[in-house]
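Below is one structure, written out as structure tokens; the observations come after it.
The values are calculated or read from the model by the stated rules, or taken from the named source; none is laboratory data. Treat the numbers as computed from the prediction; the structure is a model and nothing was measured. Here the Cβ is made from the backbone with ideal geometry for all residues, glycine too, and neighbour counts use every protein chain on show.
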Amino acid sequence: MQFPELHNFIAGAFSSNGLQRFEVFSPLDGSVISTMPLSTKSDLDVAVDAAQKAFSEWSNTTIKERVQVFFRYKTLLEQNLEELATIVHIENGKTMAEARAEVAKSIELTEFACSMPQLVQGEILEVSKGVECRIERKPVGVVASIAPFNFPHMVPHWTIPNALALGNCMILKPSEMVPISASHIAQMLKEAGLPDGVFNVVNGSRETVEAICDHPGIPAVSFVGSTKVAKIVYQRATSNLKRCTALGGAKNHLIVLPDANPDMTAKDAAASMSGCAGQRCMASSAMVGVGAIDHIIEKLCEEARKIKPGENLGSVISKTAKERIERYITEAEQAGAKVLVDGRNANVPGKEGGFYVGPTVIDYVTPDMAIAKEEVFGPVLSILRAKTLEKAIEIENSSNYGNAAGVYTQSGGLARFVMEHASAGMIGVNIGVPVPREPFSFGGWNESRFGVSDITGKSSIEFWTQLKKTTTKWNPEAGINWMS
């Protein structure tokens, strides 16, 4: 195996003796690269106990001291970027360029957490003569983060730096398909000086997720994954009286108007639909062409044909994923759509065991087709046609999802119309992947997010903290009135 067998990380040490093990495959060539433990409820109990023991001291450490760990950790990420990106490349299948960008985003997220002392100072006001009210933010306790396969390094950093800097302790449950990055995150946090028990990794599958949702010692749970599972996690966690933010899937619409810059639109749309092999919730998977845009579609196809599996296009995560993506393409074709660029049956010499789907562009898709409504999660762009911008907005609004939407136009007025009427939490104007940068937060609408808080940026502070309000009076001569 390419990597040593993996273990849980609890109370500052790796251990998982006696547990059933699960094989981890590299989607690049289908080879087994490691094994990981399938943890039980009792393993989670041990991790929560360790986190609870660490919580008192960690939460009572000043925030200025806590963020020093993340200054050191950020330096370690920068020093080890290439190694960490290589791990992401091997376990997830994305290109090295994409893997480096993922780790770079983890660095940016960590940098934002270092600014927490400037963002959570609290408030104080004299509300009556001699009477003061004070508000402070306090950590929630032992929290859990359940991460997906598509960003094994970045998505955990959506939660780890902010939650820990704010004084919480954490249980991370990585995807069983990409658990290697999580072990290295744990090692590096320990090296940066994070006290034992503050951060723990519990590997596993469905049983571990259910145990997290049910555990009475975990008051807050974050989840990133498919909408189907996000709903289940949100319902189960909140039924156990936990706070929960659960991010689900997406069907992001890119509205293209006839006045759009053809070269920029074509390049951006091709990159958006194929980046990370389309396995990202911000990929533009549906283009809604308004009016005469055939000249832009021609350029889009030219750009798509420049994207080569195994070169500048990574693999999808599994054989099952490959088969599912190709089935969507075939069913759309059989229903009357026209495949302009066909990525089915892709083969990379020397990596015949890998799971590759080439870039795919499908025209004349109709809103009733499955490929137009459901998240494909592959390098596939469906093109729908609309006679007017109002009809294009109607198509976008009909989606159950609401992660992102975009428009390509040179008209500020038309762009503003889309900004105001698209039903999505993140909007792009001449931007193919409108991911907000820190301090702005990440989070969609509708069935792309369950819960009231975004998962990153300033908005995440609300999720990872609770308010303590204190009213004080020291001078008896202030007397008593209706305000005090």
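Any idea which residue in the range 128-147 is nearest to PRO117 (Cα to Cα), counting only those that are surrounded by fewer than 22 Cβ atoms within 10 Å (Cβ to Cβ) and out of contact with any Lys or Arg (no Cβ under 6 Å at 6 or more places or on another chain)? Once the filter is applied, the top-ranked residue is ARG137. For VAL341, the conditions (1) over 26 Å from the mean Cα position of the chain (by Cα); (2) surrounded by fewer than 15 Cβ atoms within 10 Å (Cβ to Cβ); (3) touching a residue at least 24 places away in the same chain (Cβ under 8 Å) are fulfilled apart from (2).
How about the range 40-74: which of its residues are without any contact (Cβ under 8 Å) to a residue 60 or more places away in the chain and among the β-branched types (Val, Ile, Thr)? VAL46, THR62 - these are the residues of the range 40-74 that are without any contact (Cβ under 8 Å) to a residue 60 or more places away in the chain and among the β-branched types (Val, Ile, Thr).
For the range 331-354, the tally of residues that are in contact with a strand residue (DSSP E or B) (Cβ under 7 Å, 6 or more places away or on another chain) and part of a helix (DSSP H, G or I) stands at 2.
Flag set for VAL357, criterion: in contact with a Pro (Cβ under 8 Å, 6 or more places away or on another chain), closer than 22 Å to THR227 by Cβ, among the hydrophobic types (A, V, I, L, M, F, W, C) and part of a loop (DSSP other than H, G, I, E, B). Report whether or not GLU396 is modelled with pLDDT of 95 or more, of a type in the set (Asp, Glu) and under 23 Å from ARG449 (Cβ atoms). When the stated conditions are applied, GLU396 passes them. Among the residues examined, PRO148 qualifies as assigned by TED's automatic domain parsing to the domain that holds ARG21, closer than 30 Å to GLY278 by Cβ and in contact with a helix residue (DSSP H, G or I) (Cβ under 9 Å, 6 or more places away or on another chain).
In the range 13-30, how many residues are part of a loop (DSSP other than H, G, I, E, B) and within 26 Å of the chain's Cα centre (by Cα)? Going through the range 13-30 one residue at a time, the tally reaches 5.
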